[in-house]
Amino acid sequence: MADLLVLYYSVGGSVRRMAELVAEGIERVPHASARLRTVPRVFTNIGDEKAIPADGPPYCELEDLERCAGLALGSPTRFGNMAAPLKHFWDGTSLLWRRGALAGKPACVFTSTASLHGGQETTLVSMMLPLLHHGMLILGLPYTQAELDATRAGGTPYGPSHFAGTADDFAVSAEERALCIAQGRRLAEVALKLS
Ligand SMILES: Cc1cc2nc3c(=O)[nH]c(=O)nc-3n(C[C@H](O)[C@H](O)[C@H](O)COP(=O)(O)O)c2cc1C
């Protein structure tokens, strides 16, 4: 079995819905299983951020990263960048980095935004940077996925994305959904080939 880690941060539920679809894509591949993990919020004195939902998956441990055959990383877009709690988590992975523990493992990224042109692609690229430093093999989405041309909402060659609206209440569109599942499948298939 290839154990694929789906690590995400979500406050409003949009990235969480995407993570569940990526996991569904992974689980559709025989001999692949998905493990969902999240990270705690980082406290600020700004005070306007809601807590992450208590009914989510466990917090990610370094061991989860070490034992996974591949990684899907999801974050809300925050000012065109990955959310601080995820960046904080990656800043605590230098022990793994020194040992090259993640080098050669496949990885992909996904995000959600409030506005259609609110920085999905910059966020996806920002999420790739720590993964590249760790030596991970970044997977995007190929244009052989017809939904990349058809979408009127999210979906990029850099990874799945979702246009959630300012209240985070837009449903994941059919194309966004298909691209999340396709990305999960692709990650699992490549992980199995590499192992
Ligand atoms: C501090 C902060 C910064 C944000 N920055 C952006 C942004 O740059 N572009 C955008 O479209 N949405 C931005 N948003 C909105 C979130 O990206 C959007 O609501 C996302 O879907 C939330 O995902 P979640 O429901 O999984 O928490 C921001 C939200 C917060 C709280």
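Where a number appears in this text, it was derived from the coordinates with a stated rule and is not lab data. Predicted, not measured: the structure shown is a model, and the values here were computed from it. Every residue, glycine among them, receives a Cβ derived from its backbone with ideal geometry; neighbour counts consider all protein chains shown.
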> Ordered by residue, what ³J(HN,Hα) values in Hz, to whole numbers, does region 20-33 give under the Karplus form 6.51 cos²θ - 1.76 cosθ + 1.60, where θ = phi - 60° and Gly and Pro are x?
Replying inline: 5, 6, 4, 4, 4, x, 4, 5, 6, 8, x, 6, 10, 9
> Who wins for biggest fluctuation among 19, 171, 54 in a Gaussian network model of the chain, springs between alpha carbons below 10 Å?
Replying inline: 54
> Quick one: if the Förster radius is 35 Å, what FRET efficiency do residue 143 and residue 66 give, using the C-beta to C-beta distance and rounding to 0.05?
Replying inline: 0.55
> Can you list the residues, at least 5 places off or on another chain, whose amide H is less than 5 Å from the amide H of residue 137, using H built in the peptide plane?
Replying inline: 104, 105, 107
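Taking the beta-carbon count within 10 Å as an exposure proxy, list 22, 42, 15, 172 from fewest neighbours to most.
Working: 22 32, 42 14, 15 25, 172 22.
Lowest to highest Cβ neighbour count: 42, 172, 15, 22.
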> What residue among 86, 62, 21 shows peak mean-square fluctuation when the chain is described by a Gaussian network model with Cα springs under 10 Å?
Replying inline: 62
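Working out 0.36 nm times the residue gap between residue 97 and residue 167, then minus their Cα-Cα distance, what length gain in nm do you get to one decimal? Display every interim value, and only then the final one.
Numbers: separation 70, 0.36 × 70 = 25.20 nm, distance 3.73 nm.
The span from residue 97 to residue 167 would gain 21.5 nm if fully extended.
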> Around residue 102, what is the net charge, scoring Lys/Arg as +1 and Asp/Glu as -1 over all other residues with Cβ under 12 Å from its Cβ?
Replying inline: +2
>> Starting from the 7 Å offset along Cα-to-Cβ, what nm value, one decimal, do you get for the label separation of residue 121 and residue 55?
In response: 3.8
>> Can you tally the net charge around residue 157? Count Lys and Arg as +1, Asp and Glu as -1, for every other residue whose Cβ sits under 15 Å from the Cβ of residue 157.
In response: -4
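Tell me, what is the FRET efficiency for residue 133 and residue 43 to the nearest 0.05, using R0 = 22 angstrom and their Cβ-Cβ distance as r? Don't skip to the end; give the middle numbers.
Numbers: r = 26 Å, r/R0 = 1.19.
About 0.25, to the nearest 0.05.
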> Out of 140, 130, 190, whose Cα points farthest toward the positive end of the dipole of region 117-191 (charges: +1 Lys, Arg; -1 Asp, Glu; placed on Cβ)?
Replying inline: 190
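Checking the a/c ratio against 1.5 first, then a/b against b/c, what shape does the Cα gyration tensor give for region 7-153?
Numbers: a/c = 1.36, a/b = 1.01, b/c = 1.34.
Here region 7-153 falls in the rounded category.
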